[in-house]
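Working notes, structure below.
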Number of protein chains: 2
Amino acid sequence: MPDSINPRIRSRVLSDRMMSTREAAALIKNGMTIGTVGTPTSGCAVGVFKALVERIENGERFQINLYASGPPGHEVDGLLTEANIIQRRLGQQSNGLLRKAINQGRIRFIDQPLGKYPERVRAGFFSRVDLAVIEATAITEDGHIIPSTSVLDAPSYVLSADATIVEINTCCPLEMEGIHDIYVPEPPPNRRPIPIMHTGDRIGHPYIPAGEDKIIAVVESHTPYASGEPSHLDSSSKAVAQHLMEFWYEEMGNQRLPENLLPIEVGLGSTTDAVLRSLAVSGLRDLEIYSGVLGDGVLDLIDSGKLRAASGTGLYLSAEGYKRFFQDIKKYKETIVLRPLDIADSPEVIQRLGIIALNGAVEVDIYGHVNGSHVPRGIVSGVGGGGEFAHNSFLSTFLLPSTRKGGTVSTIVPMVLHVDFSEHAVDVIVTEQGLADLRGLDPVERAYAIIQHCAHPTFRPLLEEYLERAMRERGGHEPHLLEEALSFHVRTDRK
Amino acid sequence: MPDSINPRIRSRVLSDRMMSTREAAALIKNGMTIGTVGTPTSGCAVGVFKALVERIENGERFQINLYASGPPGHEVDGLLTEANIIQRRLGQQSNGLLRKAINQGRIRFIDQPLGKYPERVRAGFFSRVDLAVIEATAITEDGHIIPSTSVLDAPSYVLSADATIVEINTCCPLEMEGIHDIYVPEPPPNRRPIPIMHTGDRIGHPYIPAGEDKIIAVVESHTPYASGEPSHLDSSSKAVAQHLMEFWYEEMGNQRLPENLLPIEVGLGSTTDAVLRSLAVSGLRDLEIYSGVLGDGVLDLIDSGKLRAASGTGLYLSAEGYKRFFQDIKKYKETIVLRPLDIADSPEVIQRLGIIALNGAVEVDIYGHVNGSHVPRGIVSGVGGGGEFAHNSFLSTFLLPSTRKGGTVSTIVPMVLHVDFSEHAVDVIVTEQGLADLRGLDPVERAYAIIQHCAHPTFRPLLEEYLERAMRERGGHEPHLLEEALSFHVRTDRK
């Protein structure tokens with residue numbers, strides 16, 4: 001590469017489209033729909049969005065629709081909410097300010113399984129994406145985009161949008177190049193299989209195909225990946241992990257799981273980190289992770305030498321995790337591949353590989369329906385990527401503590417407040433109390449298994465009484481007392 | 001073929017294993033798990049199961065576990081229930097006697113999306129299948145089984161069971177040979193894509209690979225396919241079909257659907273038959289059906305010359321339909337392919353082809369959650385094959401009348417009694433009142449769309465009042481009045 005070429009912006013045409021974040025933010029007009037990516041701790045086009053907020057501070061008034069699955073961090077979702085810029089928000093959310101605005105009805109939030117968005121954006125099911133705003137490591141000589149730490153929906157936004165703004169984050173090492181594998185399925189009905197046969201297979205380009213014509217602005221930012229606390233392993237998480245490990249060994253003993261398990265989907269948080277820690281100190285080898293967003297626990301597992309391959313759509317590490325990752329990026333690149341969200345969450349690939357899905361839940365009912373997103377006063381998160389995994393995995397597993405709020409609220413309830421995953425998508429439930437294997441059980445058997453193995457002893461009598469009264473007074477295949485089914489929530493709500 | 005070979009039983013070894021249905025039924029022992037197939041109007045091993053019931057009439061006492069997805073007809077589910085033979089029932093059910101026994105807790109019924117069963121049977125997730133009992137057209141010289149009108153789970157039962165009883169139904173014409181396409185995926189994680197690229201593709205064998213060693217008994221029966229009423233097209237079904245056709249034309253106009261639509265999944269009943277009739281008289285061509293069980297409407301569509309290919313797992317025709325089908329079997333064989341249930345309902349193929357899913361529902365709530373199986377006093381059917389289609393289709397559509405019981409019960413309710421398909425798996429809802437396109441709408445927008453377009457005018461004010469009070473008094477992303485959410489059901493139940 002001659003000296004005169006910027007290694008971050010290798011297209012001369014696009015070098016000429018470099019501008020300040022303020023100039024780029026000025027391209028965003030009132031009423032536009034913007035597609036962007038990033039997780040709460042990295043990969044967001046922070047420069048452009050901060051400059052957008054400045055326009056509000058300078059007295060402008062406008063609103064946009066924001067599509068983002070990551071979800072992006074406070075610098076996007078939080079600041080834009082504070083400035084009242086977001087009218088409609090598709091994707092996933094985890095920011096407190098945004099959540100409050102959604103629950104107050106000030107922002108319209110559309111919650112769908114994340115893996116569904118890319119195809120639906122491409123198919124034109126939602127309002128057209130005017131602008132894609134994407135953080136990147138670099139731009140190739142042909143104007144293709146090398147993402148940074150997230151791929152997520154970026155390929156579909158770039159493909160569908162009228163134009164793209166690329167924000168080069170110089171804090172993202174150039175060595176990120178080569179970790180991404182970008183494959184965009186054709187539209188139906190004439191399309192081929194997604195050719196992933198193994199977790200680590202690479203089937204596409206190391207960049208998002210864009211081309212010089214698509215990119216109307218390039219900005220540079222210097223956004224260190226310095227936020228994010230590592231998760232704390234509490235005793236409840238460790239107990240969940242132990243129950244799960246025992247179950248897996250039993251399944252291996254019964255020839256229902258191979259000796260190296262099957263590729264695992266892991267959510268984020270202390271419980272799944274505890275599972276990954278347990279795997280790291282186990283006798284198991286050649287493990288694989290096929291998941292959405294990858295956390296610190298995946299790095300631990302790679303360091304332990306037990307992980308053969310990890311596939312994800314983005315990194316959501318702690319500040320310490322990014323430091324480790326960037327220091328040893330060559331090593332981690334050998335194991336990790338970052339894919340578009342609809343490939344990371346592909347029903348086809350999930351079923352082909354036979355994923356063991358591990359997802360979290362807000363609450364679970366005695367028959368095994370799972371609420372993954374709501375409390376009595378509103379939504380706390382969203383259905384996330386779990387939908388594709390729960391429905392298409394080899395073994396769909398949900399992990400949660402048996403109580404919340406200092407033991408005063410049971411997460412096992414007669415009927416969940418909101419169903420994200422019906423009983424039909426749930427095989428195994430684990431709390432710190434134990435594990436309920438629901439396969440082949442009818443609803444009443446499931447109820448006894450969940451109450452006896454998963455509910456906290458404090459709440460078992462209440463749940464059993466509900467079940468037995470429902471069987472006696474109402475009967476039916478899945479007995480419920482219509483007037484009391486949500487009584488646990490009414491009580492919680494009054495507290 | 002030399003004269004001495006029976007064209008129905010071409011293996012000499014297996015000719016020697018021919019026995020009476022009574023002798024074959026005697027092979028079934030107390031506590032065994034039996035896997036069988038058939039739809040309510042055909043494909044069931046009626047001879048063997050009738051002989052099994054005779055054993056009870058002769059004073060024997062025993063019970064079995066029965067796995068069957070079809071579901072099979074009265075001669076299996078009804079008679080075995082009456083004789084108190086079934087202890088545990090996996091699969092699908094539609095028989096009144098069986099339903100009553102399930103709702104009274106006398107039979108343990110396990111309800112899962114039908115497409116999940118074959119792999120789970122092969123993986124050993126349920127109690128081992130001792131015996132497969134399969135109706136067939138013929139047996140090949142190598143002891144492979146040519147199914148009759150149903151494939152369903154048969155390949156997985158035969159593969160997993162210790163032994164198989166084949167019941168040759170001489171009423172099923174030999175010309176059925178060649179309509180089946182049997183492909184069984186390998187176990188995970190080392191498996192290849194299911195190589196179906198188009199609805200009509202054939203990827204496997206025209207028989208169920210069994211082999212002489214697997215088959216311990218062969219019986220002959222003469223069971224005419226003479227039951228089943230054709231569905232009656234009421235004005236409500238016609239109105240649903242008309243709303244749907246208008247929507248499809250609009251989607252084509254907006255370039256969101258191709259001119260020949262996409263392959264369609266259709267359930268059974270008068271509403272879907274009305275849709276197929278509308279397609280048959282439309283200007284559309286080269287249509288495709290990729291579905292579970294195929295009904296009379298598919299024959300109508302073939303006769304109209306507009307259907308390029310139809311894929312299913314079994315036939316569920318009226319008596320008149322079977323007559324038409326068998327008379328013109330050569331013509332219908334050019335268009336129809338019958339596959340195993342997990343291929344007919346494959347998430348991978350459904351997503352690849354971009355299916356338009358049409359499923360029925362018992363009720364729908366204002367936010368778009370769908371109850372496909374329960375009324376206040378128990379289960380009426382099961383989740384069926386709709387699960388894989390609703391979750392993985394290009395457009396997930398639910399069709400239902402806006403009221404039941406002579407207009408006294410609204411099928412649009414504040415909160416469904418039981419969720420089979422969460423809001424995340426529902427794009428479009430159609431009643432005779434109109435069509436609600438939920439794509440890109442937030443929950444409150446969805447609620448207004450469903451109430452205004454789908455609810456019956458009689459119930460709109462009640463539903464609007466609920467929604468508005470919930471928004472005012474409780475708020476949140478998906479507002480509910482916890483103490484009144486199931487009030488519609490409490491009222492219905494008291495009627």
- Query: the range B:114-153: which trypsin sites (Lys or Arg not before Pro) are DSSP loop and have at most 15 other beta-carbon atoms within 10 angstrom?
  - Reply: B:128
- Message: At a threshold of 8 angstrom on Cα-Cα distance, excluding pairs fewer than six apart, so keeping six or more, what relative contact order does the range B:320-411 reach in percent?
- Response: 29 percent
- For the range A:235-493, what is one quarter of the convex hull surface built on the Cα atoms, given in nm²? 13.9 nm²
- Note on the structure: at residue B:465 the sorted inter-copy label distances (label 7 Å from Cα on Cβ side), in nanometres, are 3.4
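DSSP loop (so not H, G, I, E, B), at most 15 other Cβ within 10 Å: list which trypsin sites (Lys or Arg not before Pro) in the range B:11-73 pass both filters.
Working: sites: B:12, B:17, B:22, B:29, B:50, B:55, B:61; in loops: B:17, B:29, B:61.
Taking the range B:11-73 and a limit of 15 other Cβ atoms within 10 Å, the loop trypsin sites (Lys or Arg not before Pro) found are B:29, B:61.
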- Cα-centre dipole for the protein assembly as shown with unit charges at Cβ (Lys and Arg positive, Asp and Glu negative), debye to 20: 920 debye
- Find the relative contact order for chain B and round it to a whole percent, using C-alpha pairs within less than 8 Å whose residues are 6+ positions apart. 14 percent
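Kirkwood hydrodynamic radius (Cα pairs, Å) of the range B:109-159? Could the numbers behind the result be given before it?
Numbers: mean 1/r = 0.0822 Å⁻¹.
That comes to 12.2 Å for the range B:109-159.
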- Note on the structure: With x for Gly and Pro, the residue-by-residue ³J(HN,Hα) of the range B:234-245, computed from phi through the Karplus equation 6.51 cos²θ - 1.76 cosθ + 1.60 at θ = phi - 60° and given in whole Hz, is 7, 5, 5, 4, 4, 5, 4, 4, 5, 4, 5, 4
- Message: What whole-number volume per residue, in cubic angstrom, does the convex hull of the C-alpha atoms of the range B:125-222 give?
- Response: 114 Å³
- Rounded to the nearest 5, the percent of antiparallel DSSP beta bridges in chain A equals 25 percent
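Beyond 23 Å, how much of the Cα-Cα pair distribution for the range B:378-483 remains, as a whole percent? Numbers along the way, then the final one.
Details: 1597 of 5565 pairs.
Counting pairs separated by more than 23 Å, the tail of P(r) holds 29 percent.
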- Given Cα pairs under 8 Å that are at least 6 residues apart, what percent is the relative contact order of the range B:3-221? 25 percent
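Roughly speaking, to the nearest percent, how much of chain B's 1.4 Å accessible area is carbon and sulfur?
Values: 8100 of 16610 Å².
On chain B, the fraction of accessible area on carbon and sulfur atoms equals 49 percent.
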- Item | Helical contribution to [θ] at 222 nm, DSSP H n ≥ 4, -39,500 (n - 2.57), averaged over the protein assembly as shown, rounded to 500 | -8500 deg cm²/dmol
- Please report how far the C-alpha centroid of the range A:10-67 lies from that of the range B:3-80, rounded to the nearest whole angstrom. 69 Å
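Can you divide the C-alpha Rg of the range B:340-391 by 2.2 N^0.38 Å and report the result to two decimal places?
Details: Rg = 12.7 Å, N = 52, 2.2 N^0.38 = 9.9 Å.
Output field value: 1.29.
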- To one decimal place, what Kirkwood hydrodynamic radius in Å is obtained for the range B:1-160 from all pairs of distinct Cα atoms? 16.2 Å
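Using the crude model of +1 on Lys and Arg Cβ and -1 on Asp and Glu Cβ, and no other charge, please compute the dipole size for the range B:235-493 relative to its Cα centre, in debye to 20.
Numbers: 23 positive and 35 negative charges, 149 e Å.
Dipole about the Cα centre, nearest 20: 720 debye.
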- From phi via Karplus (6.51, -1.76, 1.60), per-residue ³J(HN,Hα) for the range A:30-36 in Hz, x at Gly/Pro: 3, x, 5, 9, 10, x, 9
- Give the accessible surface of chain A per residue, rounded to a whole number of Å², with probe radius 1.4 Å and ligands, DNA and RNA excluded. 34 Å²
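Between beta-carbons, use under 12 Å as the cut-off and find the net charge around residue B:127, counting Lys and Arg +1, Asp and Glu -1. Intermediate results must be reported in sequence, preceding the final value.
On the way: positive: A:439, B:88, B:108, B:120, B:128; negative: B:130.
It works out to a net charge of +4.
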- Both in Å, the radius of gyration and Dmax of the C-alpha trace of the range A:281-388 are 15.8, 47
- Taking one equal scatterer on every alpha-carbon of chain B, how large is log10 of I(q)/I(0) by Debye at q = 0.05, 0.07, 0.08 1/Å? -0.19, -0.38, -0.49
- Task: Shortest first and in nm with one decimal, please list how far the residue B:30 label point sits from its counterparts in the other copies (point 7 Å along Cα→Cβ).
- Result: 8.2
- Message: With every atom except the alpha carbons ignored, what do you get for Rg and Dmax of the range A:252-329, in angstroms?
- Response: 12.5, 42
- Query: Mind listing the phi-derived Karplus ³J(HN,Hα) values for the range B:473-478, rounded to whole Hz, using 6.51, -1.76 and 1.60 with θ = phi - 60°, and x for any glycine or proline?
  - Reply: 7, 10, x, x, 6, 9
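For the protein assembly as shown, what Kirkwood radius comes out of the mean inverse Cα-Cα distance, in Å? Walk me through the intermediate numbers first.
Details: mean 1/r = 0.0342 Å⁻¹.
Evaluated over the protein assembly as shown, this radius sits at 29.2 Å.
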- Query: Considering only DSSP states other than H, G, I, E and B, which GluC sites (Glu not before Pro) in the range A:181-263 qualify as loop sites with at most 15 other Cβ atoms within 10 Å?
  - Reply: A:259
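The values are calculated or read from the model by the stated rules, or taken from the named source; none is laboratory data. Worth saying up front: this structure is predicted, and the values here are computed from it rather than measured. Using ideal geometry, Cβ is built from the backbone for each residue, glycine included, and neighbour counts are taken over all protein chains shown. Just the protein is used for accessible areas: all its heavy atoms, side chains included, with ligands, DNA and RNA removed. Shrake-Rupley method; radii C 1.70, N 1.55, O 1.52, S 1.80 Å.
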